[in-house]
1. Would you mind checking which residues have amide H under 5 Å from residue D:107's amide H? H placed 1.01 Å from N; only 5 or more apart, or other chain.
2. Return the whole-Å distance between the Cα centroid of segment D:191-213 and the Cα centroid of segment D:53-123.
3. So how compact is segment C:42-83: Cα radius of gyration and Dmax in angstrom?
4. Per residue of B:278-289, what is the mean number of Cβ atoms on other protein chains within 10 angstrom of that residue's Cβ?
5. Less than 16 Å apart at the alpha-carbon level, and either on another chain or at least 8 residues along: which aspartates and glutamates does that give for residue B:287?
6. Give the cross-link partners of residue D:156 among the aspartates and glutamates, using a straight C-alpha distance below 13 Å as the criterion and excluding same-chain residues fewer than 8 apart.
7. Report the semi-axes of the equivalent ellipsoid for segment A:102-186 in whole Å, largest first, where each axis is √(5λ) for an eigenvalue λ of the Cα gyration tensor.
8. Output needed for segment C:57-159: three equivalent-ellipsoid semi-axes, defined as square roots of 5 times the C-alpha gyration tensor eigenvalues, in descending order, whole Å.
4 protein chains.
Amino acid sequence: MTPVGEERKAALRLGVVGHRGYADLPAIMRTLLDLSPQLGFELAFEPELADFAPDAVARLTDDTPLDALLTLGGDGTLLRGARLVGERQVPILGVNLGRLGFLTSCGPNELDDALRRLAAGDYYAEPRMALHASAVDPGGTERLHWRSLNDVVLHKGGFARVVRFDVWIDGEPIGAYGADGVVISTPTGSTAYSLSAGGPVVVPTVESIVVTPVSPHTLAIRPLVLPASAEVRVRGRDGPEELLVTVDGQVGTNFASAESLVVRRAQRPVLVVRFPGTTFFARLRHKLGWGGLADRDEVA
Amino acid sequence: MTPVGEERKAALRLGVVGHRGYADLPAIMRTLLDLSPQLGFELAFEPELADFAPDAVARLTDDTPLDALLTLGGDGTLLRGARLVGERQVPILGVNLGRLGFLTSCGPNELDDALRRLAAGDYYAEPRMALHASAVDPGGTERLHWRSLNDVVLHKGGFARVVRFDVWIDGEPIGAYGADGVVISTPTGSTAYSLSAGGPVVVPTVESIVVTPVSPHTLAIRPLVLPASAEVRVRGRDGPEELLVTVDGQVGTNFASAESLVVRRAQRPVLVVRFPGTTFFARLRHKLGWGGLADRDEVA
Amino acid sequence: MTPVGEERKAALRLGVVGHRGYADLPAIMRTLLDLSPQLGFELAFEPELADFAPDAVARLTDDTPLDALLTLGGDGTLLRGARLVGERQVPILGVNLGRLGFLTSCGPNELDDALRRLAAGDYYAEPRMALHASAVDPGGTERLHWRSLNDVVLHKGGFARVVRFDVWIDGEPIGAYGADGVVISTPTGSTAYSLSAGGPVVVPTVESIVVTPVSPHTLAIRPLVLPASAEVRVRGRDGPEELLVTVDGQVGTNFASAESLVVRRAQRPVLVVRFPGTTFFARLRHKLGWGGLADRDEVA
Amino acid sequence: MTPVGEERKAALRLGVVGHRGYADLPAIMRTLLDLSPQLGFELAFEPELADFAPDAVARLTDDTPLDALLTLGGDGTLLRGARLVGERQVPILGVNLGRLGFLTSCGPNELDDALRRLAAGDYYAEPRMALHASAVDPGGTERLHWRSLNDVVLHKGGFARVVRFDVWIDGEPIGAYGADGVVISTPTGSTAYSLSAGGPVVVPTVESIVVTPVSPHTLAIRPLVLPASAEVRVRGRDGPEELLVTVDGQVGTNFASAESLVVRRAQRPVLVVRFPGTTFFARLRHKLGWGGLADRDEVA
C-alpha cells in the first residue's frame, strides 16, 4: 500500500471511460455520481458517456488533467483507457463489469469500497511495462507510432497467402518466420493474444518482451522472451502481400510492404490500481481454469 | 439399439470387476445383488471383490464364460476389464463411480436402469478398435505381447538421458524421434495420454492408429494419424538406455535395448455398451471443458 | 501401376497450367512442346501461358475435354489445377519447379520420363479425398460453393476482435471456439495450414476431415479428426465481426455474419499421378526435416 | 572483453574435464599439453582423463584450486563441469567436440586460439544464473540439495500412473498440474528440456525461472516465466506414486512422496567464457534450424 493521498487536499480529478455493452453500466454510473461529492471527485466523462453526465461533469479528452482514471467494462476498456492517458503517470482503476479480468481491479460489487480507497489513496499503483511501436519506412522515417499495454501484432491481411517475416533483435537478424503473423507482447499481454498463439505466461514483474509467431509454417520456431531493453524489428519479406498492424487488439493500420514495425519498451509504464486481496496467480487460476475441470484424467 | 437378448432365455452370465477406491462401491454392489435374481444374472466377481460375494457368486477368472462384463469405477477400471475379456466379444458395461468417463456407459444413479437394459439386450454394443503390441527381439522372436484399448507407450526410464527412437511404418523408416517416448494409440486412446502429449482428438469411428511423440527434442516432429492397417515399429537407438513399455497406463515391462515394439490393430475390437443419450461429443465437451470457462477472452 | 493407356489409340488430350514465377518455366514448356508430337499429346494451355503456345495448341478453359492435366509450379499450382478439373476424374501430373512438394509428382529433371509414362499410362492415379464447402444463409439457401483439395478456412477479418465460432458435427453442437479461425481440412491438407495451426499429419489414405482451431483462446480446444462422412458446420457467433472464407489458401469471399459454412466430403476425389519411388513419408521427412537438423539435443 | 589477466603473473590453474565418447579427444589433449608450458597453464585432469596425463598434471577434484575450467565435449560435459566448480566463480571454457552447443565457447578448430585468449584473459566471462534445489521433508528439513545450470525436473517414475503436482510460488498455491512432470529451468535451460516440453526460448539475460509442465493432462496449463527471485515449490499429491528428481538431465534421486522440491535462484552464477563472434541468436538459428529447411511452405 502506497499512501499517496495525503498531499491531495484538493479534489481528485477523475476521468471516466466505459463500455456501453454492459447492462450494469447505468447502475454503476449512478453509484459513482452519488458518491462523488462526498469523496471529492471532480469528474470528466468520455463523450460516449455524455448522457450519464450532469452539468457539473466535464468532457474527457486526451489532454484533460487527471489524477486518476476509472474504466468501467472489461480488460479491453482498461486498455482503451491506458491509451487515453498515454505516457502520463495516471493510475487506472478498472471496474470489471464482466468476468474477472487480468487488468481490472475489482468487480461491480466492490465499487463503493474501491472508490473510497481511491479517494483515500489507499491502494497500490502497480507499474506495468508498456511498448512503443513505430511504422518506419525504408529511409528510417517514422510514419506512425503507437503505445501499447498488451501487444503489437504484424499480421497478414484477409486473403493473403503465406507470408515471411524477417525479425531482427537489436539489429541482429534472428530468422525468417513463415507465419500468419508475429505478436510482440509485454508481460501484461502474455495472457492475451500471445497465449492463444502458444506463448508462455510471463509474470508482470519479469520485465521483458515476448515475441510469438502466429501459426508458424516453420515448425521449429518457438516463442522468445527478450530483455525489456531489446528493440524488435519485423518486416514482411514478400512485397506485394497485404499486412496489418494491430495494437492491443483495438487499433491498427494497413502496412506498406517496405515498412518495418519497430517495437521497444515505452519510456513510462502504465499504472494499474491494485487493492489487497487478489493476486496475479489467483486471476490466472480463475481465468484459465487451472486446478479446475478442463482435465482429461480419471481417478481410475 | 441392437436387440440381442431374444435368444437368451437362460441366465446372463455377468462378470464384475470394480475399483475399491470409490466410496459408492458397497452401495452399488448391494443394488446389483438385489436386482440379479429378477434380471436373471449369473454373477462372477473378480477376487478383489470376494468379500461382497454371497455363496452363489462365482469367482471371475480370465476364462470364466461370460455374456457381459460390468466394470465399477472409472475408465481405468473399464480398461482393466477389457484386458480381462481379451479377444472375446463380450460387451462391457462401465458404471462410472467418479466423474463422467470417455468409456463408461452410465453413472451410479442410472445403475438400475442400465442393468435392466443389459438384461433385456436393449443397448448398442459399440465396437472399439484395439491394438496388438509385441516386444520382438532382433531375431524376430516375440518375447511378450499385449492387447490394448487405449495406447502402448515406449518411454525412457527414470533417469535416462535423451533417447532416440527409430520409427518404421509398414517397414518404411519415417524418422528418428529424439523424445522422452512415443505413444501409439487407438482413436479411443486419443483422448488419454496422446492428448496430453499434443495429439489430436480422433473420433472413435475413424479407424486409425495415432503416433504421438512425448516431449520431442526434434521440434518439427508432429503427431501422425495412420491407417488402421498400418504396422508401427519403434526401437530405441541408443543401446544402453533403459526403456519401458506401458500398456493402457496400467501394465508394462522393461525393454531390452535391442528389442523392437511392434504394434498393429488387434484382430477383434472391444465391445462397449452404449445407451441412447450421451454422445462422444457430449462427453468431450464435458471432460475437456469445451464451451466452458477455461478461456482467456473478455467481452471487452 | 494401372495400365490405363491401352484403350487410348487416339491422342491424349493434355491440359497445361503453370506458374510464371519460376525461372525454369520456359525451358519446361520447350521440352513439352518438343515431346508432344511423338507422345501423341493434344495440348491445351491456360490463357496465362498463351505466349508459349504455337497455333496448334488450344486454349484451356473449365470445360475443355481432357484426359490429363499437367501443372508446372508447386503444390499451389496443382491446387489451382485441381479446381479447374473439378469433379471430373482427370489425373493431374504436377511437375515441381521449386522444392519437393507434397502433391507434385516429379521434379523438372524427370519431366521427359514423366511425360513418356503419362503417355503410356504407366502410372498410378492416387485418389485424394476432396471437400465440398458451401456458404449457407439462415434460411438454408446456398449462396456460394467451392471444391477444395486442401482446406476451407473460416477466419476473422483484418482488424476484427475476438471471434467465437459455433461448430456443429452432423447437426450436434460440439462447442464454441474462441479463435482467430477454424480450418477444415482433408488428409491432403493436413500438411498445409492445419499443420501450422497445430493439427496432426494425417496419412492420405485415412479418409477423414480434420477440424483445427487457429490461435484458440479457449485453451483446452484441440484438433479433431472426424469420419469422412461427417458434415461440419461453422458459424461466427458475434454478428458484426467481419469473417472471411479461404479455400486452399487461394480463393475466398467475405462472409455475411448470419451465414454458416457447411463442409462435407466432395462426391469425387482428385486423381494425383504417382510414379514409383517417392512415398508419402519420404516427402514428409524431406519437407519437415524429420531426422534432420532441427533438433535441440546434444551427444553429451 | 574483460581484461582480467593482468594480475595473473603466476601460472593459470586450469582444470580439465572431458567426454571420452568423442573421437577427437586424444588430439585435443595433445594440443592442450603441447601449448600448456608456453601459456603458463598448471593443469589438473579429472580421473577419467588420467591416462592422458603426464606426471606433471595434477588430479582434479571438487576442491582443487582453479583459475579456469576447460570442458571437452558438448553442453552436457560443460554442465558436469559447472557442477564440479559449484558456487566458485571459475570461468568455464567449453570446447565443443560435437555439433555447435548452446553453452560451449568454440569448436575444436579454434582450440589453439581459445587457449591463447584464455591465457591472456582476452575473453568475456558471461554470468549465467543458476538454481539451488532442495528435497525438503514435511518438517522442513533439507535432505538433499543440488546446484543446476539448466533445469531441475520432478517427474513420475517409470510405470507410475497419472500424477498430480501441487505448485506454489512464493508460498502461494498456483494450481494442481496433472502431468508427467514439472520442469523448473533457468534461461540457459530454456533451450534444453523445457523447450521439448513446450516452453519458450528465454534469452539468458532475462533473469527468470521458467516452470513448464511435461505432458499436462490439464489442458489449459501453460509454461510460466517467473521473476528470478521466486521460490518454486512442487509436491506430488498422490502419495504412493514413485517420483524422481533429475538435475541438468544428469544426476538425480528418488523422491519420498511427502517431500517437496524447493527451487530458487542460486547465490552465484556460473561463468561461461565467451569470445567475440557467435551470439546467442546465431547459436539458436543454427541449433533449431530457424531460417532453414524445416518449413512446410511452398513458393506456389
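1. D:96
2. 25 Å
3. For segment C:42-83, the Cα radius of gyration and maximum Cα-Cα distance read 10.4, 29 Å.
4. 5
5. A:295, A:297, A:298, B:75, B:295
6. Counting by Cα, and skipping residues close in sequence, residue D:156 has these aspartates and glutamates nearby: B:180, D:180, D:238, D:241, D:242.
7. 39, 16, 12
8. 31, 17, 12
Coordinate-derived values only; no laboratory data. From a predicted model like this one, the values you see are computed outputs, not experimental measurements. Cβ sites come from the backbone with ideal geometry, for glycine too, and all protein chains shown count toward neighbours.
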